[in-house]
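The values are calculated or read from the model by the stated rules, or taken from the named source; none is laboratory data. Because the structure is a prediction, the values reported are computed rather than measured. Heads up, the Cβs are rebuilt from the backbone with ideal geometry, glycines too, and the neighbour counts pull from every protein chain shown. The area values use the complete protein model at the heavy-atom level, side chains included, leaving out ligands, DNA and RNA. Shrake-Rupley method; radii C 1.70, N 1.55, O 1.52, S 1.80 Å.
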There are 2 protein chains.
Amino acid sequence: MGNHEVTRLLVNYKTLEEFKNFREFGAAELSMKDDLEANIIENDSESPFYGIYFGKKLVARMSLYKIEAKFDRYFDPPQDYLELWKLEVLEPYRKKGYGKALVDFAKSFNLPIKTNARQGSGEFWSHMGFEPVTYQPARDRGESPYVWYPAGVQEQQENTTPVNVESNQEL
Amino acid sequence: MGNHEVTRLLVNYKTLEEFKNFREFGAAELSMKDDLEANIIENDSESPFYGIYFGKKLVARMSLYKIEAKFDRYFDPPQDYLELWKLEVLEPYRKKGYGKALVDFAKSFNLPIKTNARQGSGEFWSHMGFEPVTYQPARDRGESPYVWYPAGVQEQQENTTPVNVESNQEL
């Protein structure tokens, strides 16, 4: 099974090079590159990404971000929670527990977690103890949100935080 | 080239059956099915989806949603804008202008538009006159936002609407 130690990834050119092996390479990665080139962020500063190395190779990663309670539209009572995205394990390293190790790491903060389940990944998330939420178009905008509730936390009902509710006006 | 007329899709079982041909089938579609089955929404009521039929077959679609100005974190001055997602043309019907016809329809409201560009679609969006925005992790959360500015509208700088700014706290 190898070593499944989760480490916080550093912002540097080596990490960026590793990221090119992952399918999801977008604005977050390009922004990191721009910031490094323009010296806007320091080399080796901490990124919002966590990963697992197999030897010297990055084989799994995810991004994890704490959202403040006042912006919480998913959990009751409203509270700080983690948004998890870009969970991905490189093809030859799948089905070896790397994805679970990353999710378990996220759970270890004992905060609620919200993710957007990619097409066909619902079974994985259910297996990880996540549940789909009631779809709210204005909030979810085409996402398929899956959430993990620590003890004592439940789904937030619509409109309990009116400050963040968006309109569904006719066009 | 066929007929490129854009129509607002109706919520009914025929539309749901057509949706199964598209790759992106998630919480929005399942929610529509649940709501129909539980009679929560009326059969043939208007959906947030727009599409193009070739004969009787739905060959392209998108979802379009108006977001209120007070939640605008992308445009300056802050204003009502459209969020566009799930733009998809069925494989055999690509490169025939269906995608452009849908985007042109969205532009016809003359409101700013924001979308999340899927992996590898940046060139398409640039061709449509969209531009990437400066990536803000707390706002964009792993998305690759592309926007379209009508005349007189520009990119919103960070923190001009503090009510909606989320925290980037260390975990």
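Of note:
- Residue among B:96, B:70, B:57 that is at pLDDT below 95 and open to solvent by 20 Å² or more (accessible area, probe 1.4 Å): B:70
- Qualifying residue in segment A:78-87 (condition: open to solvent by 10 Å² or more (accessible area, probe 1.4 Å), over 15 Å from the mean Cα position of the chain (by Cα) and acidic (Asp, Glu)): no
- Every condition in (1) surrounded by fewer than 19 Cβ atoms within 10 Å (Cβ to Cβ); (2) touching a helix residue (DSSP H, G or I) at 6+ places or on another chain (Cβ under 9 Å); (3) of a type in the set (A, V, I, L, M, F, W, C) is met by residue B:19 except one, and the failing one is (1).
- Those residues of segment A:116-156 which are more than 13 Å from chain B (Cβ to nearest Cβ) and open to solvent by 20 Å² or more (accessible area, probe 1.4 Å), in sequence order: A:123, A:124, A:126, A:127, A:129, A:148, A:149, A:151, A:152, A:153, A:154, A:155
- Among the candidates A:101, A:38, the residue that is open to solvent by 10 Å² or more (accessible area, probe 1.4 Å) and farther than 21 Å from residue A:25 by Cβ is uniquely A:101.
- Checked against the criterion of being of a type in the set (Asp, Glu) and part of a strand (DSSP E or B), the candidates B:123, B:88 yield just one match: B:88.
- Checking the stated criteria, residue B:50 turns out not to satisfy the condition of being within 30 Å of residue B:158 (Cα to Cα) and within 19 Å of the chain's Cα centre (by Cα).
- Any hit, segment B:57-71, residues being part of a strand (DSSP E or B), in contact (Cβ under 8 Å) with a residue 40 or more places away in the chain and away from every other protein chain (no Cβ under 14 Å): yes
- Residue-level check: of (1) at pLDDT 95 or above; (2) closer than 30 Å to residue A:138 by Cβ; (3) hydroxyl-bearing (Ser, Thr, Tyr), residue A:65 misses just (1).
- Residue A:44 fulfils the conditions (1) open to solvent by 10 Å² or more (accessible area, probe 1.4 Å); (2) within 10 Å of another protein chain (Cβ to nearest Cβ) except for a single criterion, (2).
- Evaluating residue A:113 against the criteria (1) β-branched (Val, Ile, Thr); (2) open to solvent by 70 Å² or more (accessible area, probe 1.4 Å); (3) more than 10 Å from chain B (Cβ to nearest Cβ) leaves one unmet condition, (2).
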